[in-house]
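The values are calculated or read from the model by the stated rules, or taken from the named source; none is laboratory data. In this text, all values refer to a predicted model and were calculated from it rather than measured experimentally. Here Cβ is always computed from backbone atoms with ideal geometry, including for glycine, and neighbour counts include all displayed protein chains.
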Amino acid sequence: DAKLQSVLSSLSQMARQSDALPSDRPAPDASWVKLNTNENPFPLPTMIMKSAIAALERQYLYPEEDNISLREAAANAYGVSIDQVIAGNGSSELLGLVYRAFLAAGDRVAMMSPGFSFNRKLAMLQGAQFLEIEFGEDHSLPIEQLLLGPAKDAKFILLANPNNPTGAFVPVADIERLVAKSDRLIVLDEAYVDFAPENGLHLINRYPNLLVLRTFSKSYAVAGIRVGFGFGHPEIIGRLRNIQNVFNMNVIGHAVGMSVLAHRAAYADNHRHIRHQRQRVRLALSQLGFSVMPSHANFLLARVPTGQDGSWWQSALARQKILVAVFADKGLENCIRVSIGTKEQMDAFLSATKDINANI
Ligand code: PMP
């Protein structure tokens, strides 16, 4: 009505610039094989489950301010100091803080492309200019281009390693070369690094311009509880903590985060299983005519056989209650991204894929 229109037009139009609202699709129930958002479907180790239940007894209290115990536990687990750590509701919250803290309208930000599309939305919401820099051949990091091209005056440069949605991995030595030579902040998103051969966290002690983001959503199977961390120079971390909501996390997130940190070794089998299934599914898909990127994450990006595109395959799989992701990015129209779940889930995915392929 007229009053609503008048109120809406008096508000900032920033949110309208993005496709901010998700679709109204209901969440698929447990009968679906959900392989579209890179969750880790294995049951939580019992000790961790118990810590979540125990935390419910503290539900009437506000959570600890500044996430101190959790940050301290993370600092100890990762061998850094507490003032080098920020904790958040997943790494998405921390990514949001980075954009709000360091970008003003008109500023430029650069992301390695194809990359995690949430970044595009965050840049838009700041009114910033979003620059996408393509990886070189064999997914190499175009260091010279990042130092001398249009990205050189970006406020920060984002790189996910392993990358999403490709799963490709850049050697940490190359990232170090970029961080050492650049006078910009490099945001290294290591959401999937526990499935990869090495990580860059130790570099924060040598370079003040590196911010490393981690999440417990993928490798530690608690996507629904929302636990993530940022690691960097105390000055950078301090600026992010300054603009963070008070009591941002809840008591269950604190308890589960602490418990995961204490029991990381209990996930060794989980990670081994995912690496093993990743290899098995890659081979099986290749035999079916898909062209699959080597992946160091808990998902595979697969180019579908010629004839159909990614969306066609997504719909065909959905008819068999299997969910995979597709992307609008240029060059990815013919791809699907499939998360690596349990052996049973991957059997179901491969069997549906064979069936569809045989009936095209
Ligand atoms: N970074 C990357 C590269 C991701 O793929 C994701 C999840 N899709 C995130 C960050 C955010 O994860 P969360 O908020 O669950 O920590």
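Tell me whether the stretch 202-210 contains one or more residues that are over 20 Å from LEU261 (Cβ atoms) and within 11 Å of the ligand (Cβ to nearest atom).
Within the stretch 202-210, not a single residue is over 20 Å from LEU261 (Cβ atoms) and within 11 Å of the ligand (Cβ to nearest atom).
For the stretch 121-137, enumerate the residues that are in contact (Cβ under 8 Å) with a residue 40 or more places away in the chain and closer than 16 Å to SER91 by Cβ.
Once the filter is applied, which keeps residues that are in contact (Cβ under 8 Å) with a residue 40 or more places away in the chain and closer than 16 Å to SER91 by Cβ, the stretch 121-137 yields only LYS121.
Take the stretch 186-200 and flag every residue that is surrounded by 21 or more Cβ atoms within 10 Å (Cβ to Cβ) and either within 12 Å of the ligand (Cβ to nearest atom) or of a type outside the set (Val, Ile, Thr) (or both).
VAL187, LEU188, ASP189, GLU190, ALA191, TYR192, VAL193, ASP194, PHE195, GLY200
If the requirement is being touching a residue at least 40 places away in the same chain (Cβ under 8 Å), within 30 Å of SER51 (Cβ to Cβ), touching an Asp or Glu at 6+ places or on another chain (Cβ under 8 Å) and not assigned by TED's automatic domain parsing to the domain that holds ALA168, which of these qualifies: HIS271, HIS296?
Exactly one of HIS271, HIS296 is touching a residue at least 40 places away in the same chain (Cβ under 8 Å), within 30 Å of SER51 (Cβ to Cβ), touching an Asp or Glu at 6+ places or on another chain (Cβ under 8 Å) and not assigned by TED's automatic domain parsing to the domain that holds ALA168, namely HIS271.
Please verify whether the stretch 320-342 includes one or more residues that are out of contact with any strand residue (DSSP E or B) (no Cβ under 8 Å at 6 or more places or on another chain), not aromatic (Phe, Trp, Tyr) and not in a loop (DSSP other than H, G, I, E, B).
no
Among what's in the stretch 138-151 and is in contact (Cβ under 8 Å) with a residue 12 or more places away in the chain and hydrophobic (A, V, I, L, M, F, W, C), pick the residue that is nearest to the ligand (Cβ to nearest atom).
Checked the stretch 138-151; the qualifying residue nearest to the ligand (Cβ to nearest atom) is LEU141.
I'd like to check which helices (runs of 4 or more DSSP H) are fully inside the stretch 31-110 and have at least 2 residues that are more than 16 Å from the ligand (Cβ to nearest atom) and in contact with a helix residue (DSSP H, G or I) (Cβ under 6 Å, 6 or more places away or on another chain).
The qualifying helices (runs of 4 or more DSSP H) are 46-55, 68-78.
Cβ-Cβ distance below 6 Å, separation of 6 or more or different chains: which pairs start in the stretch 95-117 with a residue that is in the same structural domain as GLU137 (by TED's automatic domain parsing) and under 26 Å from ASN36 (Cα atoms) and end on one that is more than 13 Å from the ligand (Cβ to nearest atom) and in a helix (DSSP H, G or I)?
LEU97/LEU240; ALA110/ALA151
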